[in-house]
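Quick notes on the structure that follows.
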Amino acid sequence: MLEAAKPAGGEAVRSVAGSIDVKYRFSYGEQYDRFFREMRDNKRIMGISCPKCGAVLLPPRPYCGFCYTPVDEWVELSDEGALLTYTVVHLPFIGQPTEPPYIYAFIMLDGADVQFPHILGEIEAADVRTGMRVKAVWAEDRKGTLHDIRYFRPVKADETEGTPTAR
């Protein structure tokens, strides 16, 4: 069904209402395959290090996102890091990892040079602070997806001694 919307003082805007159901398979490729296998089988977060600029990339990819050099040196990263930024998701949409409200965060894992997006748990939104230390909580039944990490939780005060900082 084709509808025209006429904004004040402008040309008609055309839109098509409807839905589409697309089924597909996605191949992880070499870098994502190892990244997800390590999380599933070993509870390890693996990055890849650039031989030219030294950046540690997460998720791993075949080329450095900073200097475009081919990369192939795998490094194990900590499952702890610092919270860079976050938002509270209140509205539901298809494909959400959990029911709203929940906290979606960008985390700088120790040893990484790029942020890792995931959700926070075991904390109320009012208590979240940028810069706070967080740690991965691993799923019991891991399948080789980002959901192998259930969420990141705040690091308790007695867990912080000797904790490395981000690069």
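Any read-out appearing in this document is the output of simple, stated calculations on the displayed coordinates, not a laboratory observation. Because the structure is predicted, anything quoted here is derived from the model rather than measured. We place every Cβ from the backbone using ideal geometry, glycine too, and count neighbours over all the protein chains shown.
What's the Kirkwood radius of region 112-154 in Å, using all Cα pairs?
Details: mean 1/r = 0.0872 Å⁻¹.
Value: 11.5 Å, from the Cα pair sum.
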Taking the chain and counting helices only, DSSP H stretches of n ≥ 4 at -39,500 (n - 2.57) each over all residues, the nearest-500 ellipticity at 222 nm comes to -2500 deg cm²/dmol
Can you put VAL89, VAL22 in order of Cβ neighbours within 10 angstrom, beginning with the fewest? VAL22, VAL89
Rounded to the nearest 5, the percent of DSSP beta bridges in the chain running antiparallel is 95
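How would you rank HIS90, HIS147, going from fewest to most other Cβ atoms within 10 Å of each one's own Cβ? Display every interim value, and only then the final one.
Working: HIS90 9, HIS147 16.
In order of increasing Cβ crowding within 10 Å: HIS90, HIS147.
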Treating the angle as unsigned and between 0 and 90°, give the value, to the nearest 10°, between the Cα long axis of helix 29-42 and the longest Cα principal axis of the chain. 60
Could you work out, for the chain, what percent of all Cα-Cα pairs fall into each 5 Å distance bin, beginning at 0 Å and stopping at the bin that holds the largest distance? 1, 8, 14, 15, 16, 14, 10, 7, 5, 5, 3, 1, 0
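Which ordering of GLU140, GLU30 is given by a fewest-first count of other beta-carbon atoms within 10 Å?
Numbers: GLU140 6, GLU30 12.
Least to most surrounded, the residues fall as GLU140, GLU30.
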Simple spin-label estimate for ASP72/ARG34, 7 Å along Cα→Cβ, in nm, reads 0.9
